[in-house]
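The values are calculated or read from the model by the stated rules, or taken from the named source; none is laboratory data. For clarity, every value in this text was computed on a predicted model and none was experimentally measured. Neighbour counts are summed over all protein chains in view; Cβ atoms, including those assigned to glycine, are modelled from backbone coordinates with ideal geometry.
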Amino acid sequence: MPYKRFLGYEKGEDGLPKIVESEAEIVRMIYRMFMEGKTSSAIAKHLADSSIPSPGGKKKWQVATVNSILTNEKYKGDALLQKSFTVDFLSKKTKENEGEVPQYYVQNSHPAIIDPYEFDAVQVELERRKKLGRPAACQSPLSTKLVCGDCGGFFGSKVWGSNTKYQRVIWRCNEKYKRETKCNTPHITEEDVKQKFIEAFNSILGYREELIANCRLAQETLCNCSDIDFELDELHREIEVVAELSRKAIYENAHTAFNQDEWHERNNGYLGRHRKALERVTELERVKRDRQTQSLMLDGFIQSLKACKNVLEDFDDRLWMAAIDKVAVQSDGRLVFIFKDSRQVTI
């Protein structure tokens, strides 16, 4: 580890990473704020405003630094080795590993600052926000979770009675007045949503074991990537073969007289096979990433069910993020809570 610029760890007497508790608290705060709905930019601003120095000792935090902390597997006690490698041992030039050399993933290599399930939940939330197709200005756990039952658009927070003693924050469909026919869904308050979430979550606790079993079954069937891995191996072999055939064709054409039209036709055939295989690899890797994300979502839901031994009495941000996919607000005021396992509960 680059300890001088790595927040939360120092080199121990045995040469292994040792937790620096004062710095670890900052890391935990970053993860907690993210799961409470804050964006990386909002977290960076909060850290700077709180006079907390960055890992490099600077007053200003970069968004990239926050994202790096949120995605670094070392914080859950694991280590991905050879993320980069030395290209030239004389100049010490290094390069990001894009498959040129093997990588090795070591689990439980050192003490964890972040619980593995919380780390995985953050990765799922990062992927979810990324799929929104735009930066999510999340300042609340409700952001990008509430959707309009009429138009499907997101609910956003609005301030009523600004600068008066009657000021309050409500949530309303962002598209309500942007269409010819306005949405009929009513506005709601954060307190209403939180209270109804407690009701919805408690209503499924009686089916805890059944839900966990169904989630495990979904992970084994819907999230299984063995078929994708098999096809990816075949495609990578095809890419290697075609690349070698193309190299040989180029070498032969440079040293032997060929009919150039025939040679171009043959080589274009190799290039076409190569391009087709790469396109299929990209498509399969996307599907695999989606399945892995779904599996992580289900894992988080399972852990939230296991962790809640008794009836839920107070709203919990992290439980909300782990359990809820979205909440559809209906025109009659009903809220349809859609959990990560696709189960729906109407309150």
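Within segment 8-31, the set of residues being within 21 Å of the chain's Cα centre (by Cα) and in contact (Cβ under 8 Å) with a residue 60 or more places away in the chain comprises 27, 28, 31. Among the residues of segment 265-317, those that are under 22 Å from residue 209 (Cβ atoms), part of a helix (DSSP H, G or I) and not hydrophobic (A, V, I, L, M, F, W, C) comprise 294, 295, 299, 300, 303, 304, 306. Looking only at segment 327-345, residues that are surrounded by fewer than 16 Cβ atoms within 10 Å (Cβ to Cβ), touching a residue at least 60 places away in the same chain (Cβ under 8 Å) and not in a loop (DSSP other than H, G, I, E, B) come to 0 in all.
Scanning segment 307-326 for residues that are exposed (fewer than 12 other Cβ atoms within 10 Å of the Cβ) and among the aliphatic types (A, V, I, L, M) yields one hit, 311. Only one entry in 196, 178 is touching a Phe, Trp or Tyr at 6+ places or on another chain (Cβ under 8 Å), assigned by TED's automatic domain parsing to the domain that holds residue 311 and of a type outside the set (A, V, I, L, M, F, W, C), namely 196. Taken as a whole, the structure leaves residue 261 outside the set of residues that are modelled with pLDDT of 85 or more, surrounded by fewer than 17 Cβ atoms within 10 Å (Cβ to Cβ), within 30 Å of residue 191 (Cβ to Cβ) and over 28 Å from the mean Cα position of the chain (by Cα).
If you go through segment 286-300 one residue at a time, do you hit one that is more than 25 Å from residue 219 (Cα to Cα) and without any contact (Cβ under 8 Å) to a residue 60 or more places away in the chain? So far as segment 286-300 goes, no, none of its residues is more than 25 Å from residue 219 (Cα to Cα) and without any contact (Cβ under 8 Å) to a residue 60 or more places away in the chain. Of all residues in segment 16-39, those that are in a helix (DSSP H, G or I) and charged (D, E, K, R) total 5.
Every condition in (1) farther than 24 Å from residue 329 by Cα; (2) of a type in the set (A, V, I, L, M, F, W, C); (3) modelled with pLDDT of 85 or more is met by residue 147 except one, and the failing one is (1).
Here residue 220 passes the criteria (1) modelled with pLDDT of 90 or more; (2) assigned to a helix (DSSP H, G or I) except the one numbered (1). Within the set 157, 226, 203, the sole residue that is within 25 Å of the chain's Cα centre (by Cα), at pLDDT 90 or above and polar (S, T, N, Q) turns out to be 226.
Would you be able to say whether some residue in segment 239-255 is out of contact with any Leu (no Cβ under 8 Å at 6 or more places or on another chain), among the aromatic types (Phe, Trp, Tyr), closer than 30 Å to residue 123 by Cα and not assigned by TED's automatic domain parsing to the domain that holds residue 120? No, that holds for no residue.
For segment 57-66, state whether one or more residues are modelled with pLDDT under 95, surrounded by 15 or more Cβ atoms within 10 Å (Cβ to Cβ) and out of contact with any helix residue (DSSP H, G or I) (no Cβ under 9 Å at 6 or more places or on another chain). No, there is no match, as no residue in segment 57-66 is modelled with pLDDT under 95, surrounded by 15 or more Cβ atoms within 10 Å (Cβ to Cβ) and out of contact with any helix residue (DSSP H, G or I) (no Cβ under 9 Å at 6 or more places or on another chain). Check whether at least one residue in segment 150-166 is touching a Gly at 6+ places or on another chain (Cβ under 9 Å) and either buried (at least 17 other Cβ atoms within 10 Å of the Cβ) or of a type outside the set (Ser, Thr, Tyr) (or both), and report yes or no. There is no residue in segment 150-166 that is touching a Gly at 6+ places or on another chain (Cβ under 9 Å) and either buried (at least 17 other Cβ atoms within 10 Å of the Cβ) or of a type outside the set (Ser, Thr, Tyr) (or both).
Residue 42 meets each of the listed conditions (1) aliphatic (A, V, I, L, M); (2) in a loop (DSSP other than H, G, I, E, B); (3) surrounded by fewer than 18 Cβ atoms within 10 Å (Cβ to Cβ) apart from (2).
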